Amino acid sequence: MIKRKKNFTLIELMLGIAMISIVYLAMTALSVFLINHVLAYSETSAMHMLVNYALEDMKVRCISAVQLDDRSYFSSVGESKKAFTFFGEKEIYTITPDDDRDNVWYSYELDDKKNLVLKERDPTTGVEKQEILIGARYHPDVEFTYDPDTEPHYLKVRITVGGQRTGVKGEKTKITKFEGLRFWYLSVVR
Amino acid sequence: MRSRTKSVGRRLSIRRRIKTFPMNVQARKSISLLEVLIFAAIFSLFLITLVKILLGARFYQREAENRSIAVGVASTKMEEELAQSYSGLVPGTKSGKGIAVGGALYNDFVDWQVNVTQKYEGELPQRIPIPYKQIEVTSSYEDEDSRGRKLGRTLRLLNFIPYPYIHMSGIRYPSRTGETVQPSNTIVPFGGTEPFTWPDLPPLLRIENIKFETPQNILVFYNLSLEIDNFTGLADDDLISSAVFVTDEFGNAVHYNPQANTPIMTQPIINNVVAISGLQPNRTYTVDVRWKKDKDAGSIHLREGNLILFAVETLPPSP
């Protein structure tokens, strides 16, 4: 029987284990880096979509409002509010300004849990609904502003959201977007 | 002499044993340096590609974010312009940065420009052009590509406000602060003896500089509230007459019927509606209400009054 045996020495084993550990750690760090950035990108994309959806919802719903809540009127010298309540069409693409039977009360505000919500209350049936436009995990902030050098049936709305994950530069993403809200049938200034 | 056959047989048997008993021979196969180098090279290429994709995704996402914010700025400015009336939109250009809200400036890396242009539709010889105002909002910003090169991005929104189909204007007495003060004389004048004529009576309530860019039919509403200062000489059947006059830019005043004849003593309020058709486009008119009494007695003055003009567009039929 011919035997040719070549074994690893202790030093070779130790070196091999050290190199494998280094490669494994590098692979793990790279994977974590990639995953974190992919999640940060997807979070940023999600924030943009949510803010765009909320702004578009406000723009489409406010235009046919026929009445404001008393607390939602603005001063003629300029004012900002964190909530906005109005009486508008239940079917936003079927506008009947002379028929209030198909209208509901809408309210854009931050609820107790800091979600940006759209509340809907039907005065006929008393049914109340709530839709979360932007969840509290994104720390949404909303502000409705009337500037005195603009028309009395025009408002600006600002929505700011902040991400939880850090980007490439180590900063958390913050997004601020605006939309102009026109009102066909009423003035927001009292 | 040994037999050759025996040694050959012994060698053969060894070879056979080698073949039949391979476990007795340990042949080791290991990874050569060349294979390790090739693997390292391929793995490096993979890593480089991955990092490039990651960096590229970062630039594309930032580009999408900037574009989204620029669209928001342009949309906000467009809504601000659309909220104005047709007459409030002054043709011209204005520009700025970002969105100013309550004294603070946001998204100031986006420059915007608003351009309002007066335009006309349907300018055929046999048709009257319909005016409209075109609103163009341009927002521009600076971006970077994946190689760090500066790029200028621009996006444009277009909308328009058509000439209003209905116009309304009005004036009242007493006038409020900032309104035109009129009339100069609120005492009802004597119109002369029968047959009743309309001498050059001063206007009581007047709306001036009425000018439309399209042909219009108008309805003129007026309400007058009287107060009698002196009843001396006035009888129950004495009348106050009121009528609407339209004066064109050449000074020609046209009296329109129906005129209202109201008993002085029994009706302290005069209401009338007059329909006038065929106001020509781009001509300046004045509409006023005049009144007179048919008896040179007593003294009556205007207590309150208003004059309202309601104009609706009328176009000739298309050829």
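Subtracting the Cα-Cα distance of residue B:261 and residue B:33 from their residue separation scaled by 0.36 nm leaves 70.3 nm.
Relative contact order for the stretch A:129-190: what is it in percent, counting Cα pairs under 8 Å that are at least 6 residues apart?
Working: 92 pairs, mean separation 19.4, N = 62.
So the answer I get is 31 percent.
Given the DSSP H assignment, sum -39500 (n - 2.57) over each helix run of at least 4 residues in the protein assembly as shown and divide by its residue total; what's the result at 222 nm in deg cm²/dmol, nearest 500?
Details: 3 runs with 120 residues, N = 509.
For the protein assembly as shown, the value works out to -8500 deg cm²/dmol.
How big is the gap, in Å, between the Cα center of the stretch A:70-106 and the Cα center of the stretch B:80-149? Computed from Cα coordinates, the inter-centre distance equals 27 Å.
Projected label points at residue A:23 and residue A:38, each 7 Å from Cα along the beta carbon direction, are separated by 2.3 nanometres.
Across chain A, Cα-Cα pairs more than 26 Å apart make up 50 percent of the total. Taking every residue in B:97-104 and counting other chain Cβ atoms within 10 Å of its Cβ, the average works out to 5.
For chain A, what does the relative contact order come out to in percent, with C-alpha contacts under 8 Å and a separation of six or more?
Working: 325 pairs, mean separation 42.0, N = 190.
Relative contact order here is 22 percent.
Working from label points 7 Å from Cα in the Cα-to-Cβ sense, the residue A:100 to residue B:200 distance is 5.4 nm. The fewest-to-most ranking of A:143, A:91, B:81 by surrounding Cβ atoms within 10 Å reads A:91, A:143, B:81.
What residues from the stretch A:58-94 fall in the zone where the backbone N is under 16 Å from a label point 7 Å along the Cα-to-C-beta line of residue A:109? So the set is A:68-74, A:81-88. Take the Cα radius of gyration of the stretch B:43-162 and divide it by 2.2 N^0.38 Å, N being the number of residues; the result is 1.51. Taking the C-alpha atoms only, the angle from helix A:10-62 to the longest principal axis of chain A is near 10 degrees.
Between residue B:228 and residue B:118, take the C-beta separation as r, use R0 = 35 Å, and let me know the FRET efficiency to the nearest 0.05.
Numbers: r = 51 Å, r/R0 = 1.47.
So the FRET efficiency works out to roughly 0.10.
Taken along the Cα-to-beta-carbon direction at a fixed 7 Å, the label points for residue A:121 and residue B:134 span 4.8 nm.
Going by a ≥ b ≥ c, the root eigenvalues of the Cα gyration tensor, does the stretch B:166-313 fall in the rounded group (a/c under 1.5), the prolate group (a/b larger than b/c) or the oblate group? Intermediate values should be presented prior to the final figure.
Values: a/c = 2.18, a/b = 1.73, b/c = 1.26.
Prolate.
Take the Cα pairs of the stretch A:1-69, get the Kirkwood Rh, then feed it into Stokes-Einstein at 20 °C and 1.002 mPa s and tell me D in µm²/s. Let's see the in-between values first.
Numbers: Rh = 18.2 Å.
Rounded, D is 118 µm²/s.
Each of B:93, A:9 was scored by other Cβ atoms within 10 Å of its Cβ. Arranged with the fewest first, they read A:9, B:93. Treating r as the C-beta distance of residue B:97 and residue B:46 and R0 as 41 Å, the FRET efficiency rounds to 0.40.
The residue B:235 and residue B:168 beta-carbon pair, evaluated with R₀ = 45 Å, returns a calculated FRET efficiency of approximately 0.70.
Taking the number of other C-beta atoms within 10 Å as the exposure measure, put B:145, A:112 in order starting with the fewest.
Numbers: B:145 12, A:112 7.
Ranked by crowding around the Cβ, least crowded first: A:112, B:145.
All of the numbers you see were taken from the coordinates with simple rules; none came from a lab. These figures come from a predicted structure and were not determined experimentally. Counting neighbours? That spans all protein chains shown, and the Cβs are built from the backbone with ideal geometry, glycine included.
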